[in-house]
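What follows is a short report on a single structure.
The values are calculated or read from the model by the stated rules, or taken from the named source; none is laboratory data. Quick caveat: nothing in here was measured; it's all calculated off a predicted structure. Ideal geometry is used to build each Cβ from the backbone, glycine not excepted, and the neighbour counts take in all protein chains shown. Each accessible area value is taken on the protein alone, full model and side chains, heavy atoms only, with ligands, DNA and RNA left out. Shrake-Rupley method; radii C 1.70, N 1.55, O 1.52, S 1.80 Å.
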Amino acid sequence: MWRIRRLGPEEDVAQLTFFGLFALQHRGQESAGMAVSNLHRIMVYKDMGLVSQVFDEATLKSLPGRLAIGHTRYSTTGASVWHNAQPTFRATRQGGLALAHNGNLTNTHELEQWLGELAPSEHVPEKKTMDSTNDTSLVTAIMSSFGEEPLESVAMKVLPRLKGPSASPS
């Protein structure tokens, strides 16, 4: 179970996230990124390469905030290109949403259809024609299409609909 720890305004969340990503580097060496929020806006920085190649001291200092998420990636769904580095970001009516996810979804066609139903007045591309081809971008697009609804409520609607591969017994 994840624990959320409140950090004081003097704590450097970008640097703490960097050290966490560095410790997780063995889980993915293709790209690294983080999203940092000061509770008013979200800044996302990501690039191809190892954590120590993507982030330096100047970059970390340019990411002030109180909350952060980070991600190291190895190719799951989608090519090894910058657009598939995470976290993903979408503007919302409430500000923005940054999301990171590891793994593959098995029901992306169903999710693409649902996205089309949620945002019928907008041109909604299929996942394969989005700027990113990873499953996380699709989930971020779905979650950002709920308008003014609180994020917690949106998560309760979206997350149960995500399906991953089943583990087969050994």
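Observations on the structure shown:
- A Cβ distance below 6 Å, combined with a sequence gap of six or more or placement on separate chains, defines the contacts here; from the stretch 83-103, residues that are under 16 Å from Leu118 (Cβ atoms) and touching a residue at least 24 places away in the same chain (Cβ under 8 Å) reach residues that are among the small types (Gly, Ala, Ser) and open to solvent by less than 40 Å² (accessible area, probe 1.4 Å) in the pairs Arg90/Ser144; Thr92/Ser144; Arg93/Gly147; Leu97/Ser144.
- Unmet criterion (only one of (1) modelled with pLDDT of 90 or more; (2) open to solvent by less than 90 Å² (accessible area, probe 1.4 Å)) for Gln113: (2)
- Here Asp56 qualifies as loosely packed, with under 13 Cβ neighbours inside 10 Å and acidic (Asp, Glu).
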